[in-house]
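As structure tokens, the structure follows; a few thoughts come after it.
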Amino acid sequence: RRFTNQVFESARPKEVGGSVVTGAALSGMLQSYVNAINSGAVPTIATAWQNVVESECSKASEAALAAYVEAFDMTTSADEEALQAAHRKAVAVAQRVFEELAFGDGPARQAYERRVQEKLAER
């Protein structure tokens, strides 16, 4: 019992590239390993992590765009200034959602972040 308490008090979550490895991320890495082995390839940590980052960033970008739609106040008057304010507020919500959910800090994350920004700019 003391050992268990000590482990829970002193253990830190596993991090890769500044992101905490969640159960979903670990599951994704394991799935990449299994797929590589089943196809006769040699699994690598870098490739598995890259797959997880891309998958999680894709989910984060979808969630961010959905958050924009949900946050945009459809009852806003047709006044240009009011619409721009509603848009800015919804963009801020979408960016916050992406930041909370996206993994990694490399090129894949940056590419998904750019795509989200481009799609938000179109609205």
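The values are calculated or read from the model by the stated rules, or taken from the named source; none is laboratory data. Model, not experiment: these values are computed from the prediction. Note: ideal-geometry Cβ built from the backbone for every residue, glycine included; neighbour counts use all protein chains shown. Side chains included, ligands, DNA and RNA excluded: accessible areas come from the protein's heavy atoms. Shrake-Rupley method; radii C 1.70, N 1.55, O 1.52, S 1.80 Å.
Under a 5 Å amide H cut-off, with hydrogens placed 1.01 Å from N, Ser19 pairs with Gly104 among residues at least 5 apart or on other chains. Springs join every pair of Cα atoms under 10 Å in this Gaussian network model of the chain, and among Ala82, Ala36, Ala66 the largest mean-square fluctuation is at Ala82. For segment 1-121, with all protein chains in place and a probe radius of 1.4 Å, 55% of the accessible heavy-atom surface sits on carbon or sulfur. Projection of the Cα convex hull of segment 27-109, averaged over all directions and equal to a quarter of that hull's surface, yields 6.7 nm². A simple spin-label model places pseudo-atoms 7 Å from Cα toward Cβ; at Arg96 and Val42 they are separated by 4.7 nm. Protein heavy-atom accessible surface, 1.4 Å probe, per residue over the chain: 69 Å². Taking Met29, Met74 and ordering them by how much accessible surface each has at a 1.4 Å probe, largest first, produces Met74, Met29. Taking the C-alpha atoms only, the angle from helix 45-71 to the longest principal axis of the chain is near 30 degrees. In sequence order, segment 108-115 has phi-based couplings of 5, 4, 4, 5, 5, 5, 4, 4 Hz under the Karplus curve 6.51 cos²θ - 1.76 cosθ + 1.60, θ = phi - 60°, and Gly or Pro positions carry x. Against the longest principal axis of the chain, how steep is helix 80-101, in degrees 0 to 90 to the nearest 10, with axes from Cα atoms? Long axis of 80-101 versus the principal axis of the chain: about 0 degrees. Put a dot 7 Å past the Cα of Lys89, heading toward its Cβ, do the same for Arg123, and the two dots end up 1.3 nm apart. Here Asn5 and Ser27 are evaluated by their C-beta separation; at R0 = 22 Å the FRET efficiency comes out at 0.20.
Each Cα pair under 8 Å and six or more residues apart adds its separation to the average, and for the chain the resulting relative contact order is 27 percent.
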